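Report on the following structure.
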Amino acid sequence: MVGGESQKKRVVVVGGGVAGALLAKKMQFDVDVLLIDPKEYFEIPWTRLRSMVEPSFAERTLIKHTDYLTNGRVVTSRAISITESEVFTEDGQKIIYDYLALATGYADPTPRSRKDRLEQFQQDNDKIKSSSSILIIGGGRMGVELAGEIATDYPEKNVTLIHKGPRLLEYIGPKASNKALKLLKSKRVEVLLEQSVDLDSITEGERVFTTSAGKSITAGCHFVCVGRPSGSTWLQETFLKESLDKSGRLMVDENLRVKGRSNIFAIGDITDIREIKLGYLAQKHAAVVAKNLKLLTKEGRESKLATYKPSSAIMVMVALGRKQGVAQLPFMTIGGRLPAMIKSKDLFVGWIRKEMGLDHRAV
Ligand SMILES: Cc1cc2nc3c(=O)[nH]c(=O)nc-3n(C[C@H](O)[C@H](O)[C@H](O)COP(=O)(O)OP(=O)(O)OC[C@H]3O[C@@H](n4cnc5c(N)ncnc54)[C@H](O)[C@@H]3O)c2cc1C
């Protein structure tokens, strides 16, 4: 059993992504903090597409949890169930908590060890390098950013992006979608909208793909960028099932506590907060909950709890390779080199590393 002996309050953070990693880091000197994550590292999620075209980029974007959590504990396993005072993990541990923070945004199946994740990027890169034509399935932010990265670094390759919806990047406005489409086309990416490929029919080593419109695409390799698995399915058989909304998101109050629960918080993409799901907002959630946990664990002061107001002026950046991008700002949408100067060059890696108290300089 882990988490039994301490004088300090036991705070368990489940999910070591953008929100959970930062929260654990912020709490580590105030409480007995324990982080549960199936990976031994925190990965800056939007950098994976760059790491596929430049595997060495991942050296700065895969950060071992123990590098920033120097005064906390890490359990490298998946949480599979909870009660009102315990978390159970896949590797058979029972972890007791006084306060719980749920931050399991998405459950992408990535390798447990940092070394294997680096190796996976190398393998993806080998696939890209050895194929003269590449098919990307899914025109959401992953598929679009991957198409931009490949078309920028390997302009000689034929890249096809297929998306079943009527426009790319459906989570943002049509103006930004159109700008992304234009920029991809200017990079010679063939974009097929309102078409799909039956994923179940694809076999290992497949080279010819038939779309729902009957078009035949030949590609040396393909990448599936659709439907990331939700990080809340493990809660469906627990006492928190009533706290999940229809989309499987945890309903939270203004203090970011799970509705009706005094000692359970939720942050990041797993919450039902009405705003676009973004990492910099997940970090704001973490800051509010860190404040609240400090108040509750030290002074027990309910009345002073900080509140979170969903942002109305949201900024969304889409990188299309190193030198171009699209930015949807509160009052306008821009495409081209200016957004690239903000996001695409370093993909906010320096900023995130600084937040985590690590060396932020590019090497
Ligand atoms: C291509 C792309 C581009 C993006 N670009 C931007 C951008 O430019 N700016 C921006 O602000 N945001 C961007 N985002 C969004 C951003 O990545 C997310 O909003 C952010 O990652 C949410 O953080 P999170 O901590 O809630 O979830 P995640 O970062 O998804 O972390 C979830 C963590 O929970 C863990 N987990 C899952 N299930 C379990 C379990 N059962 N037990 C234990 N651990 C579990 C996972 O392993 C993971 O570590 C982008 C996303 C994508 C995909």
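All of the numbers you see were taken from the coordinates with simple rules; none came from a lab. What you see is a predicted model, and the numbers here were worked out from it, not measured in a lab. Backbone-built Cβ (ideal geometry, glycine too); neighbour counts: all protein chains shown.
Here are a few things to note about the model shown:
- By other beta-carbon atoms within 10 Å, ranking Val226, Val208, Val144, Val191 with the fewest at the front produces Val208, Val226, Val191, Val144.
- Sequence of Glu86, Glu204, Glu119 once ranked by neighbouring C-beta atoms within 10 Å, starting from the fewest: Glu204, Glu119, Glu86
- Summed residue charge, Cβ within 11 Å of Ala282's Cβ, Lys/Arg positive, Asp/Glu negative: 0
- Taking the C-alpha atoms only, the angle from helix 114-129 to the longest principal axis of the chain is near 10 degrees.
- The base-10 log of I(q)/I(0) for the range 265-344, evaluated at q = 0.15, 0.21, 0.25, 0.27 Å⁻¹, reads -0.65, -0.93, -1.10, -1.17 [Debye formula, identical scatterers on Cα atoms, solvent excluded].
- Crossing angle, helix 174-186 versus the chain [Cα axis fit, 0-90 degrees, rounded to tens]: 50
- With Cα atoms, 0 to 90° folded angle of helix 18-27 axis to the chain main axis: 30
- Cα Rg, Dmax, the range 201-312, angstrom units: 20.6, 65
- Counting only DSSP H runs of at least 4 residues, each contributing -39500 (n - 2.57), and dividing by the residue count of the chain, the helix-based mean residue ellipticity at 222 nm comes to -7000 deg cm²/dmol.
- As a calculated quantity, the FRET efficiency between Ile334 and Asp91 at R0 = 56 Å, using C-beta atoms, amounts to about 0.75.
- Charge tally around Lys187: other residues with Cβ under 14 Å, Lys/Arg +1 each, Asp/Glu -1 each, net +3.
- Cα-Cα over 30 Å, subset of Lys182/Lys354; Lys277/Lys323; Lys291/Lys354; Lys94/Lys291: Lys182/Lys354
- As a rough footprinting exposure proxy, the listed residues Glu59, Glu242, Glu149, Glu190 were ranked by other beta carbons within 10 Å of their own, and the order from fewest upward is Glu242, Glu59, Glu190, Glu149.
- Estimated distance in nm for a label pair at Glu237 and Glu194, the labels positioned 7 Å out from Cα along Cα-to-Cβ: 4.3
- Legend: calculated FRET efficiency, Ser81 to Val224, from the Cβ-Cβ distance at R0 = 22 Å, rounded to 0.05, equals 0.15.
- Whole-angstrom gap from the range 19-44 to the range 227-261, using each part's C-alpha centre: 20
- Entry note, the chain: relative contact order of 17 percent, from Cα contacts under 8 Å with a spacing of 6+ residues.
- Rule-of-thumb Rg ratio for the range 9-50 [Cα; 2.2 N^0.38 Å; N residues]: 1.25
- Length, then width, then depth: along the principal axes, the Cα atoms of the range 101-146 run 46, 28, 13 Å.
- Label-to-label distance, nm, for residues given as Thr203 and Ile276 (7 Å Cα→Cβ offset): 4.2
- q = 0.11, 0.17, 0.21 Å⁻¹: log10 I(q)/I(0) that the Debye formula gives for the range 63-199, counting C-alpha atoms only: -0.63, -0.97, -1.20
- Burial order of peptide ranges 317-324, 254-261 (average beta-carbon count within 10 Å, highest first): 317-324, 254-261
- Separation between Cα centres of the range 278-330 and the range 113-159, rounded to whole Å: 30
- Net charge of Cβ neighbours under 11 Å - reference Ile217; Lys, Arg +1; Asp, Glu -1: 0
- DSSP bridge orientation in the chain - percent antiparallel, rounded to nearest 5: 45
- Geometric descriptor of the chain, per residue, is 141 Å³ (volume of the convex hull of the Cα atoms).
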